[in-house]
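Trainee: Handing you this structure, nothing more for now.
The values are calculated or read from the model by the stated rules, or taken from the named source; none is laboratory data. All figures in this text were calculated on a predicted structure; none of them were measured in a lab. Neighbour counts run over all protein chains shown; Cβ positions are idealised from the backbone, glycine included. These accessible areas exclude ligands, DNA and RNA; they are computed on the full protein's heavy atoms, side chains included. Shrake-Rupley method; radii C 1.70, N 1.55, O 1.52, S 1.80 Å.
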Amino acid sequence: MSSKTVVLGVCGGIAAYKALDVVSRLKKKNFDVHVIMTESACEFVTPLSFQSLSQNMVIKDMFDEPKAWEIQHISLAKKADLMLIVPATANVIGKVANGIADDMLSTTIMATKAPVVFSPAMNTNMYKNPIVQANIEKLKGFGYTFINPDSGRLACGDNGEGKLPDTSYIAEYVTSMLYDIKDLKGKKVLVTAGPTVAPVDPVRFIGNNSSGKMGYAIAEEARDRGAEVTLISGPCELKAPFGLNIVNVNTTEEMYNSVLEHFDDSNIVIKAAAVADYKPKVYSEKKIKKSEDDLTIEFERSRDILKTLGEKKTNQILVGFAAESNDLIENATKKIKKKNLDYIVANDITQKDTGFSSDDNLVTILSKYGDSYTLDKMPKKLVARELFNLLCKKR
Ligand code: CTP
């Protein structure tokens, strides 16, 4: 994507070693990363490690000799598109909340006009200390952003809140904040993803191969572009992305109810879920025992969620998916009409390395106006981007 500048402040906590991975992830996303370390951070990790990963000089304190005729904390404060503090200790939070600027990191935070994101990590009791909490609230009130810490086993052996979230999560968070296109600001986007399942008895169900990757990528793209996103997800292995209102469902019925609950309020609705079209006519409350005979289960149709939405539609942009093994364009075009859609994303499921479970997809997007866009094979995240580029284009 971009070559935007992230200034990463590293404080003295055991999670400082994880900040190395944050640098590595941000570099892979093509950000220019400059690291400022507090004196105590240098006790945990060496500046050389940060220098090697960021490929920039690491700044340690205010009295390092300037490399050029510029005042370092001011020049970095100006250069930053975003400042990220990992791990944010009680100390740095307390300093900034009280206007103390006595080292390179705190002075740069004070001097920057860029958004500042704190990712706190510390002992649970420290994190929950009312002084720390009051400082966090105070800083939030001034517009500073906080990434909530996870709960779990902490380095000190305690269990509780205060763990640094996954470095991938922090990197995604920053990428999302720095995303250039914010054309969905003020819009509400509803996305469905993953499979729905049809239970047969207490231990068995009928499911399908949907991994949820396409729907999750769409929801994340909408979030990054500024939308308020509700993701209704069938059971899948994917980690819950940040910043989404996630509703977990299992059956088609549950997805139907949840989608209808959110529909009226949505501007754009994208139904990427692979919905189970049939369910057993009779659900067996008891586990079905095997016998010598063959087993026949009778199925009945589940409700067609998308068709119902097409009937209820007012101003919403409605997007469906079509997984086809033959006559891709013809079948997808029929579905646009049958379900009263604005767009349909059609993919050929016979292709190898695309579609279900894979990271890439090969799709054609058709509109109700009769135009069609065949995209090259590309990662699902990019398919999601192309889809919104199309949906946001003025007609
Ligand atoms: N869909 C739905 N409710 C269902 C079935 C499908 O909302 N009960 C949605 C899917 O989320 C997807 C689109 O409808 O957006 C797929 O249309 P569909 O006609 O069901 O396609 P297929 O499932 O591929 O059906 P077919 O076997 O008829 O091709």
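Trainee: Report GLU330's accessible area, 1.4 Å probe, all protein chains in place, as a number in Å² to the nearest 10.
Mentor: Roll a 1.4 Å probe over it and GLU330 shows about 100 Å².
Trainee: Taking the Cα centre as origin and putting +1 on Lys and Arg beta-carbons and -1 on Asp and Glu beta-carbons, what dipole magnitude results for the chain, to the nearest 20 debye?
Mentor: Computed about the Cα centre, the dipole is about 860 debye.
Trainee: Can I ask one more? Can you list the lysines whose alpha carbon sits under 21 Å from that of LYS182, skipping same-chain ones fewer than 8 residues off?
Mentor: LYS4, LYS29, LYS113, LYS380, LYS381, LYS393, LYS394
Trainee: Return the whole-Å distance between the Cα centroid of the range 161-240 and the Cα centroid of the range 82-98.
Mentor: Centre-to-centre (Cα) distance: 29 Å.
Trainee: Enter the Cα centre distance for the pair the range 377-395 and the range 1-33, rounded to the nearest angstrom.
Mentor: Answer, in whole Å: 28.
Trainee: Which value, in Å² rounded to 10, gives the accessible area of TYR144 with a 1.4 Å probe and all protein chains present?
Mentor: We get 50 Å² for TYR144.
Trainee: What residue among LEU306, LEU295, SER75 has its Cα farthest toward the positive end of the dipole of the chain, where the charges are +1 on Lys, Arg and -1 on Asp, Glu, each on the Cβ?
Mentor: Going by the Cα projections, it comes out as LEU306.
Trainee: Also, I was wondering about something else. In terms of Cα to Cα distance under 29 Å, which lysines are near enough to LYS287, apart from those fewer than 8 places away along the same chain?
Mentor: Counting by Cα, and skipping residues close in sequence, LYS287 has these lysines nearby: LYS279.
Trainee: Going by amide H atoms built from the backbone, whose H comes under 5 Å of the H on ALA88, apart from near neighbours?
Mentor: Sorted by chain and number, the residues that satisfy this are SER119, ALA121.
Trainee: Once amide H atoms are built 1.01 Å from N in the peptide plane, which residues 5 or more positions from PHE205, or in another chain, come under 5 Å H to H?
Mentor: VAL200
Trainee: Could you work out the equivalent-ellipsoid semi-axes for the chain, taking the square root of 5 times each eigenvalue of the Cα gyration tensor, largest first, in whole Å?
Mentor: One finds semi-axes of 47, 25, 19 Å for the chain.
Trainee: Here's another thing I want to ask about it. Quote the relative contact order of the range 188-394 in percent (integer), defining contacts as alpha-carbon pairs under 8 Å separated by 6+ residues.
Mentor: 20
Trainee: Taking 7 Å along the Cα-to-C-beta vector as the label spot, tell me the TYR278-SER40 distance in nanometres, rounded to one decimal.
Mentor: About 6.5 nm, to one decimal.
Trainee: Roughly speaking, to the nearest percent, how much of the chain's 1.4 Å accessible area is carbon and sulfur?
Mentor: 49
Trainee: Additional query: Nearest 5 is fine: what % of DSSP beta bridges in the range 5-177 come out antiparallel, could you say?
Mentor: Around 20 percent of the beta bridges assigned by DSSP in the range 5-177 are antiparallel ones.
Trainee: Could you give the size of the charge dipole of the range 5-177 about its Cα centre, using +1 on the Cβ of each K and R and -1 on the Cβ of each D and E, expressed in debye and rounded to the nearest 20?
Mentor: In total the dipole reaches around 380 debye.
Trainee: Note down the relative contact order for the range 113-268 as a percent, whole number, built from C-alpha pairs under 8 angstrom at least six residues apart.
Mentor: Answer for the range 113-268 is 20 percent.
Trainee: If you don't mind, another one. Applying the Karplus parametrisation 6.51 cos²θ - 1.76 cosθ + 1.60 with θ = phi - 60° to the phi angles of the range 3-14, what ³J(HN,Hα) value in whole Hz is obtained for each residue in order, glycine and proline being reported as x?
Mentor: 10, 6, 9, 10, 9, 9, x, 10, 9, x, x, 4
Trainee: OK, next. Among ASP327, ASP264, ASP224, what's the order by accessible area (1.4 angstrom probe), most exposed first?
Mentor: ASP264, ASP327, ASP224
Trainee: Per residue, how many Å² of accessible area does the chain show with a 1.4 Å probe?
Mentor: Heavy-atom accessible area per residue stands at 51 Å².
Trainee: Modelling each spin label as a point 7 Å along the Cα-to-Cβ direction, I'd like the THR374/ASN340 distance in nm, to one decimal.
Mentor: 3.2
Trainee: Once ligands and nucleic acids are excluded and a 1.4 Å probe is used, how much of HIS262 is accessible, expressed in Å² to the nearest 10?
Mentor: Counting only protein heavy atoms, the figure is 40 Å².
Trainee: Right, next: Once you have the Cα-Cα distance between SER168 and SER357, take 0.36 nm times their residue separation minus that, and quote the gain in nm to one decimal.
Mentor: The SER168-SER357 span can extend by a further 66.0 nm.
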